[in-house]
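A short write-up of the structure that comes next.
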Amino acid sequence: MLHYFYRTTDGSNTLYVPDLNEHYHSVHGALQESQHVFIKHGLEHILEQKKDIKILEVGFGTGLNAILTFPVALAQKAFIQYDTLEKHPLSDEVVKELHFEQFILNPELYDYFQQLHACPWDEPVDVIPYFTLQKIHESLEEFIAPSSYYDVIYFDAFAPEKQPELWADAMFEKLYKATRPGGVLVTYCAKGSFKRSLKAAGFEVEALPGPPGKREMTRGVKPVVI
């Protein structure tokens, strides 16, 4: 798949896919979007409850969400198991040109960023004592999810009109079953049809302020049954 580099408003890079007419991240700021949606309203929300966290990411992509999760594990001494799905991994050449070291607050993380991409597929790798990565070379449709297992789901698929198969009701029913009670699913999307799918699957839906360029984002919470 052909990719072009695109410098977003906050100075961070993303990729543009002409075949889909779609960017990997918000053009208003790739770094800001990931930090706001997935770290602040996903990971940090769950860190208020526990320090041993299992994350499932739908769409490893450039690895931005993973490398932003990494320093949180270090700072909080939180044990994070990070499982990420990616059917179409980026080539080594594209990864080398991403130059995330130019905009991540801690430039030393660039070495870890390269290490995350170099990890073998379909096996867990202890990158550091607090962070275990497993890159799964499967689509969400193929993935057999463990029941009531994940604390946070980073749902970072391309937009519904670009990858409608990943936004089908059956996918959110699968993810609901995979989420532990009290766990959350977070995404940049705030479409009404998507929220209805989340509710139909069983999630309680929260509309939260969005990152720059978006009015809202969505967090789905799996209720705790007492």
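The values are calculated or read from the model by the stated rules, or taken from the named source; none is laboratory data. Worth saying up front: this structure is predicted, and the values here are computed from it rather than measured. Please note: Cβ atoms are built from the backbone with ideal geometry, for glycine as well, and neighbour counts cover all protein chains shown. Just so you know, the surface numbers come from the protein's heavy atoms only, side chains and all, with ligands and any DNA or RNA stripped out. Shrake-Rupley method; radii C 1.70, N 1.55, O 1.52, S 1.80 Å.
Solvent exposure of the stretch 29-222, expressed per residue, is 43 Å² of accessible area, with all protein chains present and a 1.4 angstrom probe. Among Ala190, Ala118, Ala145, the largest mean-square fluctuation in a Gaussian network model of the chain, built with springs joining Cα atoms closer than 10 Å, belongs to Ala118.
Annotation for the stretch 196-226: trypsin sites (Lys or Arg not before Pro) lying in DSSP loop with at most 13 further Cβ atoms inside 10 Å of their Cβ are Arg215.
Translational diffusion of the stretch 122-211, estimated by Stokes-Einstein from the Kirkwood radius over alpha carbon pairs at 4 °C in a medium of 1.567 mPa s, is 91 µm² per second.
Annotation: extensible slack from His88 through Leu208 equals 40.2 nm (criterion: 0.36 nm per residue apart, minus Cα-Cα distance). Projected label points at Arg7 and Phe79, each 7 Å from Cα along the beta carbon direction, are separated by 4.4 nanometres. Of the residues Val95, Val37, Val152, the one that moves most in a GNM of the chain with alpha-carbon contacts below 10 Å is Val95. Segment Val125..Tyr16, full-extension length gain: 36.3 nm, with 0.36 nm per residue of separation and the alpha-carbon distance subtracted. For Ser12, the residues whose amide H sits under 5 Å from its own are Ala30, Leu31, ignoring neighbours fewer than 5 places away on the same chain, with H placed 1.01 Å from N.
Ignoring ligands, DNA and RNA, what percent of the accessible area of the chain is carbon or sulfur (1.4 Å)?
C and S atoms contribute 52 percent here.
Restricting the GluC sites (Glu not before Pro) of the stretch 119-226 to loop positions (DSSP other than H, G, I, E, B) with no more than 14 neighbouring Cβ atoms within 10 Å leaves Glu138, Glu141, Glu142, Glu161.
At full extension, Gln115 and Lys199 could sit 26.5 nm farther apart than now, given 0.36 nm per residue minus the alpha carbon distance. Distances between placed amide hydrogens fall under 5 Å for Glu57 paired with Asp83, Thr84, Leu85, Tyr154, all partners being 5 or more residues away or on another chain.
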